[in-house]
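See below for the structure under consideration.
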Amino acid sequence: MLNSLFGTLSEAVSFPEDQLRCLSALLLSYPLAFAFRLLPNNNPNLKHMASVLTSFFLIIVVVNDLVGMMHLLGSSIAVWRIMGSIKGKWGPRIVFLGVMLHMSVSHLIRQLSDYRGYKLDHTGPQMILTMKLISWAFSVHDGRRNPKELSRYQLEHAVQTFPSLLHYLSYIFFFPAVLVGPSFEYMDYIRFIELSEFRDPKTGKVHWPPGRVKASLSSFFFALIALASLATLGPKMDVLWTVDPAWKALPWILRLGYVQLAAFAARFKYYAVWKMAEGACVMAGFGYNGRDPKTGEIRWDATSNINVWAYETGESIKALADSWNMGTNKWLKHSVYFRVVAPGVKPGPLETFSTFGVSALWHGFYPGYYLMFASSAMALTAAKMLRSHLRPRFVSVATGKTPLWYNMFGLVMTQLTINTLSMSFLLLTFQDSIAVWKDLYFVIHIGILFVIVLVPVLFPVKKKSKKEHQQQQGLKKEVEKTKELAHDVVDEVACSAVDSATEIVMGADGLKAKML
């Protein structure tokens, strides 16, 4: 019945059936999330069961991807069994290698069978699943380690009690985020299900912070605007037109201008699905992020995967990177970068390269991805040089800020850079990517090389006076002392908590022995 319905509707609106099914699943998440929020607060198992069954319904019935469901469920159960059986450090390592290999095979099969095809399949949800499985495995491992060895973030998200299969699958298949994300930590999800941060410690009653529905609908309507913009601008600003002879015949400035518009229009599909999923998570009650430290307003953006305003107005490549696909950035930071860095060792090129390599593999094997990442790495290097060599010359002594014209120039150059470089990410193939950059005379790449090679020579860093140097060193020492003190406090608190728990357990065992 649904097959014929979606087929007829797809023909009527001239919209691909696979994308129509995915969009329908995202839209259905809202009423389902509203109903999920109404489930009894004192019955977590009911919520866990509802989360799992709802995802199964959306993937198998609405999206019509039974094979994909088998991939997702099979790898999830395998990881649960591995971490339940292997207690040492090799548990998360085996999980990491296994799920990355599984995802890579899926990417390759898709790439070989439908090269540069845009048909939706299970590889999208599998990318989200991969992040969840790896972060969960490391969190379980952290729960078995000495608390003194853990960072503050690892302590907060360590899984102390190995979960049942139901609780685990509920986290993996949380229905508003199962198709397009975002990824999040297991303990954050469990605290949401148990409503521990909303529950009055004295009465046990749950008090929901205001603004949840408003925040959810705000994301929902923004997603609808993004969808409308995509439907309007997408056909007129097709990225593939850049390989057409008609585009190549345009004057250089028009070719460059079209690339900016095409890259901008292409971002709307990410804005639409990410904000749609974010709104559904918030509607279910997942996404509370405390109060804004500046305004004091309650925030519901913990599950946000994109800061659209920050991305579109970013004045540096780093600002854009921090605002885009934030769930993946957090995963790369805590499940890759800080897992490679040895405790007490300053990160070096190996750690950076490892993180870069995992990020590239996670996306897939299209040459355009690697061209984009390599070019972006060069752009980030150039941006750091500009910040250290050029920016201090324009900072006002009175305000400590750069002038408006400098900031606007940075915004324009940043957008020109990222839009041009992203052509390879959108075109996917090596030949088309290089051809487009060649038709633009490699102006962005030449500019990046110019900055890296010549800026340090033309604008050497000004040497600080002896007094300024002494003041800076004194400030650094104070900061290091503060960090060491904070670290000691965290260690003491963690150890005290563990010792107290041990005493309670031992006391309970002793009492039980006396009773017997």
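Every read-out reported here was derived from the displayed coordinates using simple, explicitly stated rules and does not represent laboratory data. If you're wondering where the values come from, they're calculated on a predicted model, not measured in any experiment. Using ideal geometry, Cβ is built from the backbone for each residue, glycine included, and neighbour counts are taken over all protein chains shown.
Structure data summary
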read-out	value
Inter-label distance, nm, simple model (7 Å from Cα along the C-beta direction), residue 388/residue 123	3.8 nm
Entries of 205/294; 275/401; 236/333 with Cα pairs more than 31 Å apart	275/401; 236/333
Under 5 Å, built H, 5+ apart or other chain: amide partners of residue 198	none
Potential extension, residue 85-residue 381 segment - 0.36 nm per residue separation minus Cα distance	102.2 nm
The range 208-306 - Kirkwood radius from inverse mean 1/r over Cα pairs (Å)	15.4 Å
Size-normalised alpha-carbon gyration radius of the chain, reference 2.2 N^0.38 Å	1.08
Value at 222 nm in deg cm²/dmol, rounded to 500, when DSSP H runs of n ≥ 4 in the chain each add -39,500 (n - 2.57)	-22000 deg cm²/dmol
Highest to lowest packing among 14-23, 58-67, scored as the average C-beta count within 10 Å	58-67, 14-23
Span-rule helices in the chain, defined as complete DSSP H runs reaching 20 Å or more along the axis (Cα) with Kyte mean at least 1.0	66-85, 212-233, 252-266, 404-427, 443-458
The range 258-320: C-alpha pair distances exceeding 12 Å, %	74 percent
Cβ-defined net charge surrounding residue 287, 13 Å radius [Lys, Arg +1; Asp, Glu -1]	+2
Ranked packing of 171-178, 69-76, most packed first, by mean Cβ within 10 Å	171-178, 69-76
D_trans [Stokes-Einstein, Kirkwood Rh over alpha-carbon pairs] for the range 1-202, 25 °C, 0.890 mPa s, µm² s⁻¹	134 µm²/s
Length added when fully stretched, residue 354-residue 152, from 0.36 nm per residue minus Cα-Cα	70.4 nm
Count of Lys pairs (Cα-Cα under 24 Å; at least 8 positions apart or interchain) in the range 1-202	7
Relative packing of peptides 356-368, 385-397 - highest average C-beta neighbours within 10 Å first	356-368, 385-397
